[in-house]
1. What accessible area per residue, rounded to a whole number of Å², is obtained for the chain using a probe radius of 1.4 Å?
2. By its C-alpha gyration tensor, with a ≥ b ≥ c as the square roots of the eigenvalues, how is segment 13-81 shaped: rounded for a/c under 1.5, else prolate for a/b larger than b/c, else oblate?
3. At 222 nm, what value in deg cm²/dmol follows for the chain if DSSP H runs of at least 4 each add -39500 (n - 2.57) and the sum is divided by all its residues, to the nearest 500?
4. Calculate how large, on average over all directions, the projected area of the Cα convex hull of segment 123-265 is; give the answer in nm² to one decimal.
5. Rounded to the nearest 20 Debye, what is the dipole magnitude of the chain about its Cα centre when Lys and Arg each give +1 and Asp and Glu each give -1 at the C-beta?
6. Once all Cα-Cα distances of the chain are split into 5 Å bins that start at 0, what whole-number percent is in each one?
7. How big is the dipole moment of segment 192-265 about its Cα centre under a simple scheme where the beta carbon of each Lys and Arg is +1, that of each Asp and Glu is -1, and everything else is neutral? Debye, nearest 20, please.
8. Can you give the percent of C-alpha pairs in segment 187-256 whose distance is more than 17 Å?
Amino acid sequence: MALNILQFGRTGQVGFELLSRGPLRGHRITALGREAVDFTSPEAVKRAIGSAGNIDVVINGAAYTAVDKAESEPDIAMRVNGDSVGALGQACAARGLPLIHLSTDYVFDGTKGTPYAEDEAIFPLSAYGLSKLRGETLLRERNDRHIILRTSWVYSPFGANFVKTMLRLGAERDELKIVDDQHGAPTTAADIALTCLILAERIAKAEGNGPWGTYHYTASGETTWRRFAEAIFAMAAPWAKIKARVTPILTSQYPTPATRQLNPR
Ligand code: NDP
């Protein structure tokens, strides 16, 4: 079944994968970037949905993802991740359009010590987490026909991510001090995009009774940033000139503007 999918976040990690994988599954993807619709303006988001042509499903991969910068620009983060997601949900509801939206483990405080279930208490520790939570909340209020996928530690060949940073720094530096007490599940943007496309297909097949709700979606297993870096270096060894030695440190030894949760899985 070929679907008409409208996608926001064209230039992002997940956005890029959606755009390349959608047509492989037979779908027509209209991908909009910031130049077409700026999420700092909820009105612009509403207009984009109102004026879009024939669409079956909307997938939102646009987000303010600069976690530390959000501490000094909380209003912008809130508009992009909060208000505009609410506007998107409302505009989609007005047209009867289902919406698949991506969210984050940053909505949790990470103190539980074991993996979180979808309905567990949320308590963001950062401006970014708060803004993403606001988006989730407004979306639930305004469009019943939504799927929220909370994911974590996204990486891909495109854009900025931990894998690319480690490959660069590992070749440049002799030593890298890497946090070893934050736990998470690295997840590829390709897997997230594929899952969004499969969900879009299920929604279309379900003819109105879609699998609506909030889901946690990550790769299986868990690691720390230090163990992740060592795995990256081991896999890259045959082709990359990695010279850095890895030294584990605690989060408290690596202060950042945004508070990081220790175990938000
Ligand atoms: P990226 O940072 O790679 O991409 C974000 C996208 O949003 C880019 O296309 C960017 O456009 C766009 N964007 C940012 N600001 C605006 C704006 N004002 N108006 C319009 N577009 C804007 O994100 P990912 O693909 O990594 O993340 C996808 C989703 O997954 C997001 O919802 C994120 O919160 C969530 N997530 C991400 C994680 C991660 O580790 N990256 C972890 C957990 C969840 P431009 O290129 O112009 O900046």
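The values are calculated or read from the model by the stated rules, or taken from the named source; none is laboratory data. Predicted model, so just to flag it, every value in this text is computed and none were measured. Here Cβ is always computed from backbone atoms with ideal geometry, including for glycine, and neighbour counts include all displayed protein chains. For accessibility, only protein heavy atoms count, side chains too; no ligands or nucleic acids. Shrake-Rupley method; radii C 1.70, N 1.55, O 1.52, S 1.80 Å.
1. Result: 47 Å² of accessible area for each residue.
2. oblate
3. Result for the chain, helices only: -10500 deg cm²/dmol.
4. Spelled out: convex hull of the Cα atoms, projected over all directions, averaged, 10.2 nm².
5. For this selection, approximately 600 debye.
6. For the chain, the binned pair fractions read 1, 6, 13, 17, 19, 16, 12, 8, 5, 3, 1, 0 percent.
7. That gives a dipole near 420 debye.
8. Beyond 17 Å sits 65 percent of the P(r) for segment 187-256.
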